[in-house]
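The values are calculated or read from the model by the stated rules, or taken from the named source; none is laboratory data. Since we're looking at a predicted model, the values are computed, not measured. For neighbour counting, all protein chains shown are included, and Cβ atoms are generated from backbone atoms with ideal geometry for every residue, glycine included. Areas reflect the complete protein model, heavy atoms only, side chains present, ligands, DNA and RNA absent. Shrake-Rupley method; radii C 1.70, N 1.55, O 1.52, S 1.80 Å.
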Amino acid sequence: MSEESGTGHRAAHLELDAPMAARLLGVLPAVAERTVTAITAEVPAYSGTLTGQMRAKIENAVRIALGTFLQLVGRPQAAADPSTPLAPALEAAYALGSGEARSGRSMDALLAAYRVGARVAWREVSTTTVRAGLAATTVAEFAELMFAYIDELSAASVAGHADELASVGRARQRYLERLAQQLLAGEAEDVLRRSAARADWPPPQTLTVVLLPRSGLRTVLTALSPHTLESGEDVPGTEPAEELAVLLVPDVHGGRRRQLARMLRGHRAVLGPARPWHRVAGSYERAARALSLGLPRDDADAPLDTERHLARLLLSTLAVGLAALRALDV
């Protein structure tokens, strides 16, 4: 929300004189302390965490937020001025939301804290204004404006939280893509373990490569483990128009392989062998070779299971080796 259409613009219409603004500014330290105490008591996520320097930091943030608001309503002529301090307050709220995302907390806790803070702050502020004899209509308008301001702060925090999660998600996706490329390239195990840790990806016992047209990729992924990796590798021997996806599926060895094969029916997939996760490049090589050889499927809908064509795959490998030896015989 922009300052022109939000709290700053509306504050210009509130009649709050300088003595009243000064009186409200004077109670800010007590309001901040009581607000943090209430948040600690009523929001479980912050119970026991807002202590020491952290508590002092949050109390100061509350004082600044409310001070900014009072500065707006106490100087109505400045409220419509682009230089008002509302923008920094919104930026601080945005940063607060980002920090909550980095700390692994959802927005539920922060929004609950805003609700508690708004209630406590208004209770303290309204007591001061009523005792000072502020007109009832002005108190009502003051309340509306204050809660609108807090809504703007919470919206800025939500935006900061969402943007931080999106940024983290994009970074992790890049790490996962890099890990998939390294796995298919057959990188050393220590390199792969470092990349897996960076991507926050738990190494499974085995990985199995699945090749399938991208047209059916989303449907298949919804039925697979969330730790399945996807690579944008171009499969050797295929036309670019085929747009094949390369999936690295964790722990579908043994009986789970049959379940995977049933799930892949109708997707024209190729199923490589299960291999220790750090040696999955061998599964990829076999699947790509089976595809390039045009090996037959058990039926039209079944995936091409490379485990059923070991003899022919072995012979093709030997033929390639013999050809390479003949090429060296000069």
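Side notes on the structure shown:
- If you go through the stretch 177-190 and keep only what is touching a helix residue (DSSP H, G or I) at 6+ places or on another chain (Cβ under 9 Å) and either surrounded by 14 or more Cβ atoms within 10 Å (Cβ to Cβ) or among the basic types (Lys, Arg) (or both), you end up with 178, 179, 182, 183, 184, 186, 187.
- Restricting the stretch 10-61 to residues that are modelled with pLDDT under 70, under 30 Å from residue 133 (Cα atoms) and open to solvent by 80 Å² or more (accessible area, probe 1.4 Å), the residue that is nearest to the chain's Cα centre (by Cα): 10
- Residue within the stretch 274-296 that is surrounded by 10 or more Cβ atoms within 10 Å (Cβ to Cβ), at pLDDT 70 or above, part of a loop (DSSP other than H, G, I, E, B) and among the β-branched types (Val, Ile, Thr) present: yes
- Complete set of residues in the stretch 172-209 that are among the aliphatic types (A, V, I, L, M), out of contact with any His (no Cβ under 8 Å at 6 or more places or on another chain) and assigned to a helix (DSSP H, G or I): 176, 179, 180, 184, 185, 191, 196, 197
- Residue list for the stretch 232-259, restricted to those being in a loop (DSSP other than H, G, I, E, B), open to solvent by 30 Å² or more (accessible area, probe 1.4 Å) and at pLDDT below 90: 232, 233, 234, 236, 237, 238, 239, 243, 253, 254
- In the stretch 132-161, the qualifying residues are those that are touching a residue at least 24 places away in the same chain (Cβ under 8 Å) and open to solvent by 50 Å² or more (accessible area, probe 1.4 Å), and the one that is nearest to residue 110 (Cα to Cα) is 158.
- Cβ pairs under 6 Å, 6+ apart, first in the stretch 97-122 and within 16 Å of residue 42 (Cβ to Cβ), second basic (Lys, Arg): 120/34
- Close Cβ contacts (under 6 Å, 6 or more residues apart or on different chains) running from residues in the stretch 21-48 that are farther than 15 Å from residue 121 by Cβ and in a helix (DSSP H, G or I) to residues that are among the basic types (Lys, Arg) and open to solvent by 60 Å² or more (accessible area, probe 1.4 Å) comprise 45/105.
- Selected residue (criterion: nearest to residue 262 (Cα to Cα)) from residues of the stretch 217-231 that are open to solvent by less than 60 Å² (accessible area, probe 1.4 Å) and either in a loop (DSSP other than H, G, I, E, B) or touching a Gly at 6+ places or on another chain (Cβ under 8 Å) (or both): 224
- Each residue in the stretch 110-151 was checked for being farther than 17 Å from residue 61 by Cα and among the small types (Gly, Ala, Ser), and 8 pass.
- One residue stands out among those in the stretch 260-273 that are more than 25 Å from residue 196 (Cβ to Cβ) and touching an Asp or Glu at 6+ places or on another chain (Cβ under 7 Å): the one that is least open to solvent (accessible area, probe 1.4 Å), which is 261.
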